[in-house]
Amino acid sequence: MHIAFRRAVAVVAAVGSVSLAVACSSDGSGSSSDGSGGTKISFQLNFPPGGSNAGFAAAVEEGYYKAAGLDVTIVPGTGSSLTAQMVASGQASIGYADSTATAQLIAKQAPLSVLATVYQSNPNAVLALPGSGITSVRDLKGKKVGTPVPSSQATMLPLFLAANGLSAKDVNLVNLAPTSLVQSLLQHRVDAILGSTDAYQVQLEQQNAGKLFVAPFATNGVPTVSTSIFADKDWAASHATEVKAFVKASLQGWHFAATNPDKATADVTKLWGAKADKASGAELKAIIGSNLMCAGGAKFLGKAEPAQWVKTQDLLSQVGLLPKGVDPTKYYSYDYLPADLQPCPVK
């Protein structure tokens, strides 16, 4: 089953992947040891270098991976869906992606498992400018809302509206390319946009948009488990010691980033240089300010509670992003989490 799935998804993943500059052993496991400084692990990110992966940069530059006996190569990505497909097809062994993309493949029998969750809820939010007349979610009624297409955010919008006493018929949805959302709002072509607190909100604030109306999905009825470390199940099982060490060191990096954002931002720049997003610092502070690492009733950094997975399965199956009737425990494993997780809120 696993081999057949990998063959099927490998074609899709290969289309969007020119090359993988990863440090892998000859068996393709993504882990090896050559005696030159620790066990080598290549780690596939979901996005290019920036605030959204600052914790991993901190784990490198602050020495957490090295202290754990690991030599980690971090490979920037171009989207959660592609990263999930790459791991599912065997082109990478361990990655970082939105749990929706990962769970969708798991539901289709992909041999994957979520190992630790950094964003305990998705960063999606509806954003509006001051003077728009929008001061509550109910004020969206009759307004034009710019919606990025294609995106899972747009698919999830009906859940957000329903949770706040509205329906899609109550708002005028305007389909936009993700790259045009911010300018469309600033130019008043729409009254609000469906964006995110860790990216689009940052862009608006950096363009002096004023005091924004921000309605996060996480605190308005749609707190789905979001960006997580995940891996090929068989690979993780056969490299359990290294994977546990990697997860622990990564979470140490994220705790450092949450408590030392300026230094973690410097770590992003040090690790990736000119490739790092210039807005990394603002993005990281937005992640911290939105409480994404401890949202959704999370008790510990890195561990999404079982009830949150149940809610995620229920919400996403309502809009067809996940099939109905799947046991949520199929999506994740707590076997690789350290015993000494940092409690929430992060201090």
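The values are calculated or read from the model by the stated rules, or taken from the named source; none is laboratory data. Worth saying up front: this structure is predicted, and the values here are computed from it rather than measured. Every residue, glycine as well, gets a Cβ built from its backbone with ideal geometry; the counts of neighbours run over all protein chains shown. With ligands, DNA and RNA removed, areas are computed over all heavy atoms of the protein, side chains included. Shrake-Rupley method; radii C 1.70, N 1.55, O 1.52, S 1.80 Å.
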Single residue of G302, G296 found to be in contact with a Leu (Cβ under 9 Å, 6 or more places away or on another chain), crowded, with 24+ Cβ neighbours inside 10 Å and closer than 20 Å to L341 by Cα: G302
Subset tally (residues that are aliphatic (A, V, I, L, M) and surrounded by fewer than 19 Cβ atoms within 10 Å (Cβ to Cβ)) for region 138-153: 1
Search result, residues across region 252-266 that are open to solvent by less than 10 Å² (accessible area, probe 1.4 Å) and farther than 16 Å from T73 by Cβ: W254, A257, A264
Condition check for A92: crowded, with 24+ Cβ neighbours inside 10 Å and modelled with pLDDT of 95 or more: no
Helices (runs of 4 or more DSSP H) contained in region 180-247 and holding at least 1 residues free of Cβ contacts under 8 Å to residues at least 40 places away in the same chain and buried (at least 22 other Cβ atoms within 10 Å of the Cβ): 181-186
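Please go through region 279-334 and pick out each residue that is of a type in the set (D, E) and touching a residue at least 40 places away in the same chain (Cβ under 8 Å).
E283
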Residues of region 273-293 satisfying the condition of being more than 23 Å from P223 (Cα to Cα), open to solvent by 30 Å² or more (accessible area, probe 1.4 Å) and either among the aromatic types (F, W, Y) or not in a loop (DSSP other than H, G, I, E, B) (or both): G273, A274, K275
Restricting region 50-104 to residues that are among the acidic types (D, E) and touching a strand residue (DSSP E or B) at 6+ places or on another chain (Cβ under 6 Å), the residue that is nearest to I287 (Cα to Cα): D98
Of all residues making up region 309-325, the number that are surrounded by fewer than 22 Cβ atoms within 10 Å (Cβ to Cβ) and either acidic (D, E) or in a loop (DSSP other than H, G, I, E, B) (or both): 7
Residues of region 137-179 classified as touching a residue at least 12 places away in the same chain (Cβ under 8 Å) and hydroxyl-bearing (S, T, Y), total: 4
When residues of region 59-68 are limited to those that are more than 10 Å from F43 (Cβ to Cβ), touching a residue at least 24 places away in the same chain (Cβ under 8 Å) and not aliphatic (A, V, I, L, M), the one most open to solvent (accessible area, probe 1.4 Å): K66
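Give the residue, chosen from D71, D98, that is charged (D, E, K, R), open to solvent by 10 Å² or more (accessible area, probe 1.4 Å) and under 24 Å from V202 (Cα atoms). First the steps, then the outcome.
Values: D71 fails: under 24 Å from V202 (Cα atoms).
Answer to the check: D98.
Let's see how each residue does on (1) at pLDDT 90 or above; (2) among the small types (G, A, S); (3) out of contact with any helix residue (DSSP H, G or I) (no Cβ under 8 Å at 6 or more places or on another chain):
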| residue | (1), (2), (3) |
| --- | --- |
| V18 | no, no, yes |
| V22 | no, no, yes |
| G28 | no, yes, yes |
| S32 | no, yes, yes |
| V60 | yes, no, no |
| G63 | yes, yes, yes |
| A67 | yes, yes, no |
